[in-house]
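The values are calculated or read from the model by the stated rules, or taken from the named source; none is laboratory data. All of these numbers come straight from a predicted model, not from anything done at the bench. Here the Cβ is made from the backbone with ideal geometry for all residues, glycine too, and neighbour counts use every protein chain on show. These accessible areas exclude ligands, DNA and RNA; they are computed on the full protein's heavy atoms, side chains included. Shrake-Rupley method; radii C 1.70, N 1.55, O 1.52, S 1.80 Å.
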Amino acid sequence: MRNDTIEFRPLTRHIGAEVHGVDLRQPLDDEAFRTLHGGLLEHLVLFFRDQDIDHEQHVAFGRRFGELHIHPSAPCVDGRPELMKIHADATSPFAEGTAWHTDVSADEEPPMASILHLSTVPSVGGDTLFSNMYAAYDALSDTMKSVLDPLEALHTADVHVNRYEQIGGGLRREEHPHAIHPVIRTHPETGRKLIYVNQPFTQNIVGMTQAESDALLEFLYAHNAKPQFQCRFRWRKNSIAMWDNRCTQHHATWDYYPETRSGVRVTIKGDRPYH
Ligand code: SIN
């Protein structure tokens, strides 16, 4: 299939589009790459159907967007740390990503995007929800924006590292990732502002007592999770989701126990967030 007829069909007004007219088993030519890159910036999450890609094609697709990120602790495909396993079955102590988050925000330079391909899906369930953090920022009052704009928060991955040890992962780096990031960051490509705190990684807002920080963060987590900022993706075998990790959050749903849901994620390196 040629890649010259790419079409985006939005899922909602704010976030998500299904992409038609592209075969990801083929290398992307420059025009197709530019179209998909532009589509990602516009729709924030792209969904592809019936893409029976192998690991090399998955890696090649990811590399078109930049250098690949290595997860600090998650299990990977044998000897391939750039291929992160996403897997849950009847024996799993937990499923990955079942709280609103953006990937590895505890890294000093968190990933710019993630590309998840599922090869096994449950008979029903296992949807992933995505939320638009520009829209969440835009919906705040000007007064709240001016309170949040100068703030910074500490993000750490301690909880995740310990969890991953239970399923065959472990720390790949010398220390657990941790970083201080702006609470409101500017997207490096669109220049738009967005909310950049998430419950699994953000520990506290710098310069506040824990009680003050908890109250403000709880408000933001509830605000970020409002349905009007979201879309919901129903997976099929060989579906792919690609999300802009800088301006979205996502939430996997583990409602299919004891069935199996399995796939691989390739993640693309990003930049240090700034105000
Ligand atoms: C993740 O990358 O956080 C997992 C998403 C999913 O399993 O849908």
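Spin-label pair residue 55-residue 159: with each label point 7 Å from Cα along the Cα-Cβ axis, the two points sit 3.1 nm from one another. The GluC sites (Glu not before Pro) found in the stretch 170-275 that occupy coil by DSSP, while having at most 16 further C-beta atoms within 10 Å, are 174, 175, 189, 259.
Between residue 260 and residue 219, the simple label model (points 7 Å from Cα in the Cβ direction) yields a spacing of 4.7 nm. Once the Cβ-Cβ distance of residue 228 and residue 152 is raised to the sixth power relative to R0 = 30 Å, the FRET efficiency obtained is 0.60. For the stretch 1-90, GluC sites (Glu not before Pro) are listed when DSSP marks them as loop and at most 13 other Cβ atoms sit within 10 Å of their Cβ; the list is 67.
List the pairs from 226/269; 85/269; 237/269; 145/226; 145/193 whose alpha-carbon separation is above 21 Å, in the order I gave them.
Check vs 21 Å cut-off fails for 226/269; 237/269.
Take 131-138, 23-30 and order them by the average number of nearby Cβ atoms within 10 Å per residue, most first; the result is 131-138, 23-30. Over all projection directions, the Cα-based convex hull of the chain averages an area of 14.0 nm².
Given an 8 Å cut-off on Cα distances and at least 6 residues of separation, report the relative contact order of the stretch 3-268 as a percent.
34 percent
Counting only protein heavy atoms and a 1.4 Å probe, the chain has 44 square angstrom of accessible area per residue. If the chain linking residue 199 and residue 29 were pulled fully straight, counting 0.36 nm for each residue of separation and taking away their Cα-Cα distance, it would gain 57.4 nm. Apolar share of the accessible surface for the stretch 3-268: 49 percent from carbon plus sulfur atoms, 1.4 Å probe.
Averaging the Cα positions of each part gives two centres, and for the stretch 123-140 and the stretch 216-275 these lie 7 Å apart. Charged neighbours of residue 271, selected by a Cβ distance under 9 Å, balance to +2 (K, R count +1; D, E count -1). The Rg/Rh ratio of the stretch 1-120, with Rg taken over Cα atoms and Rh as the Kirkwood radius over Cα pairs, comes to 0.96.
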